[in-house]
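Novice: Before we start, here is the structure in question, set down as structure tokens.
The values are calculated or read from the model by the stated rules, or taken from the named source; none is laboratory data. The structure displayed is predicted, hence computed values, not measured ones. For neighbour counting, all protein chains shown are included, and Cβ atoms are generated from backbone atoms with ideal geometry for every residue, glycine included. These accessible areas exclude ligands, DNA and RNA; they are computed on the full protein's heavy atoms, side chains included. Shrake-Rupley method; radii C 1.70, N 1.55, O 1.52, S 1.80 Å.
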Amino acid sequence: MSDDLICVGAISGAYGVRGEVRVKSFCADPEDIEAYSPLTTEDGARFFSLAIIRPMKNGFVARIAEVATKEDADALKGTQLFACRDQLPHLPDDEFYYTDLVGLEVFDTGGTSLGRVKSVQNHGASDLLEIHAPGGTTTVLLPFTKAAVPTVDLSARRIVADPPEGLF
């Protein structure tokens, strides 16, 4: 994936029979996804002009100009929607786009490598860093809080963590 693209949402399926789609927004202000239109696929092969019609549970009903039928909408289910980084707001120093954290090396406060960030997950309560241990096949979920992750240095591509006792 290009560093210039940030995933801002996904198409979760068709809505109705007129080619409308269900869209899940990953934006801090969910309605902002419309402002970043046209959105693109991860590879940049397709562009979508998105217009929100109305909110619905867990997302929005939206119209995409390039989608005319229910079959076209069904074919897009699972498609992630990306916006160019320069379209997105500048973040404060203590906030990060998930894509910027993936791949960072994680060290404990003593300098020992704990692994690399495989993904950032959020199941409703708070963000979790999925850390892939070096030389292993297992992963550990580390709470992405100021207490557990006091330092994120994007320029050095490293995170300093103070994990809860017994986690690693």
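Novice: Using alpha-carbon positions, what is the distance between the centroids of segment 119-149 and segment 1-80, in Å?
Specialist: Rounded to whole Å, the Cα centres lie 28 Å apart.
Novice: Enter the per residue convex hull volume of segment 24-101, computed from alpha-carbon coordinates, in Å³ rounded to the nearest integer.
Specialist: Working: hull volume 8.8 nm³, N = 78.
Per residue, the Cα convex hull of segment 24-101 comes to 112 Å³.
Novice: Tally Lys/Arg at +1 and Asp/Glu at -1 over every other residue whose Cβ is under 12 Å from the Cβ of P143; what's the total?
Specialist: Working: positive: K146; negative: D127, E130, D162.
Net charge in that neighbourhood comes out at -2.
Novice: Taking the Cβ of K70 as the centre, find all other residues whose Cβ is under 10 Å away and add up their charges (Lys, Arg: +1; Asp, Glu: -1).
Specialist: Values: positive: R18; negative: E20, E71, D72, D74.
Net local charge, K70 excluded: -3.
Novice: Sticking with this structure for a sec: Under a 1.4 angstrom probe, counting protein chains only, how are K70, K24, K118 ranked by accessible area, largest first?
Specialist: Working: K70 70, K24 95, K118 115 Å².
So, going from the largest accessible area down, we get K118, K24, K70.
Novice: A further question on this structure: Select one label from [x] 10, 37, 30, 16, 6, 1; [y] 10, 41, 36, 11, 1, 0; [z] 10, 34, 28, 20, 8, 1: the one whose number is P(r) over Cα pairs in 10 Å bins from 0, in percent as derived from the coordinates shown.
Specialist: After the calculation, the listed value that fits is [z].
Novice: Please list R22, R116 from largest to smallest accessible area, probe radius 1.4 Å, with all protein chains kept in place. Walk me through the intermediate numbers first.
Specialist: Details: R22 75, R116 120 Å².
Solvent-accessible surface, decreasing: R116, R22.
Novice: How large is the accessible surface per residue of segment 63-113, computed with a 1.4 Å probe and reported in Å² as a whole number?
Specialist: Values: 3000 Å² over 51 residues.
It amounts to 59 Å² per residue over segment 63-113.
Novice: Ranked by accessible surface with a 1.4 Å probe, highest first, in what order do Y97, Y36 come? Please list the in-between numbers first.
Specialist: Working: Y97 45, Y36 25 Å².
These residues rank, largest area first, as Y97, Y36.
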